[in-house]
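The values are calculated or read from the model by the stated rules, or taken from the named source; none is laboratory data. Remember, it's a predicted structure, so these values are computed and weren't measured experimentally. Counting neighbours? That spans all protein chains shown, and the Cβs are built from the backbone with ideal geometry, glycine included. When the accessible area is computed, the model is the full protein with side chains, heavy atoms only, and any ligands, DNA or RNA have been set aside. Shrake-Rupley method; radii C 1.70, N 1.55, O 1.52, S 1.80 Å.
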Amino acid sequence: FDASTKPPPKTGDFKKWIGNSEEQQAMWNVRSFLLLAKLGVDRAHLYYYNDDDTPHVHGSSGLTRNYQPKPAFHAVAWLRKSLGDYRFAKAVREDPAKGYVYEFTHGTDPQKRVLAVWKPAAPAVEETVEIGNGKISRAERMPLKPGAAEQAELAKDENGKANVSFAEKPLLIWIEPE
């Protein structure tokens, strides 16, 4: 996904080029990896690591710009760190209006789970998510900069459910045995 900060050239093949924001690039990269996991893809690669901020196809699709991390870099690094030991288990919900919920289980301890929650387009909506057995140990929203990810405060009710904000930026919810 190309995300240039520069305007398109005034002439030539790319004069009508329209890019994406750096936040969109980050979200779409992370959500693409989640969707590919659901499809059973074992390994996926972003083939452009660095870009030089050129407003044309593949000219601004890197994780870094002039070797400086972009928001997409921080988002993908967070996803890899967060789900590296987990494997796709099932699609819990796939509803463009209400959001997506994918469940991942730990590779050596299936009692540990992570729910990936997002909505393809704004506005964000508040929806109930089935947590089931286990306790919510933490919840993080996809970051766009270095440092700790934004924490979300979630509580499981007596029916094993939690109210969650489904937004374009994915949220990961870690569930561990009680």
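Report the semi-axes of the equivalent ellipsoid for segment 66-105 in whole Å, largest first, where each axis is √(5λ) for an eigenvalue λ of the Cα gyration tensor.
26, 16, 5
Rounded if a/c is under 1.5, else prolate if a/b is larger than b/c, else oblate: which is segment 20-84, with a ≥ b ≥ c the root eigenvalues of its Cα gyration tensor?
prolate
Compare E22, E150, E103 in a GNM of the chain, Cα atoms joined below 10 Å, and give the one with the largest fluctuation.
E150
Which entries of K90/K169; K6/K119; K10/K145; K6/K90; K15/K119; K81/K156 have Cα-Cα distances beyond 30 Å here? It would help to have the intermediate numbers written out before the result.
Working: K90/K169 20 Å; K6/K119 28 Å; K10/K145 32 Å; K6/K90 40 Å; K15/K119 32 Å; K81/K156 25 Å.
Distance filter (> 30 Å) returns K10/K145; K6/K90; K15/K119.
Order F1, F73, F104, most accessible first, counting only protein heavy atoms with a 1.4 angstrom probe.
Ranked list, largest accessible area first: F1, F73, F104.
Roughly speaking, what % of Cα-Cα pairs in segment 3-46 are separated by over 15 Å, rounded to a whole number?
57 percent
In whole percent, what relative contact order does the chain give with Cα contacts below 8 Å and a gap of six or more residues?
Rounded, it is 19 percent for the chain.
Dipole size in debye (nearest 20) for segment 1-45 around its Cα centre, Lys and Arg Cβ +1, Asp and Glu Cβ -1? The partial results should precede the final answer.
Numbers: 7 positive and 5 negative charges, 31 e Å.
I would put it at about 140 debye.
In whole Å, what are the Cα extents of segment 85-178 along the three principal axes, biggest one first?
Cα extents, longest axis first: 34, 34, 23 Å.
Can you send over the carbon and sulfur percentage of the accessible area for segment 67-178, probe radius 1.4 Å, protein chains only?
After summing per-atom areas, the C and S share lands at 46 percent.
Using a 1.4 Å probe, what is the accessible area per residue for segment 84-156, in Å²?
For segment 84-156, the solvent-accessible area averages 55 Å² per residue.
Pop out the ³J(HN,Hα) list for segment 83-92 in order, Karplus 6.51 cos²θ - 1.76 cosθ + 1.60 with θ = phi - 60°, rounded to Hz; leave Gly and Pro as x.
In residue order, the calculated couplings are 10, x, 9, 10, 10, 4, 10, 6, 8, 7 Hz.
Given 10 °C and 1.306 mPa s, how large is the Stokes-Einstein diffusion coefficient of the chain in µm²/s, with Rh as the Kirkwood radius over Cα pairs?
Translational D for this selection: 92 µm²/s.
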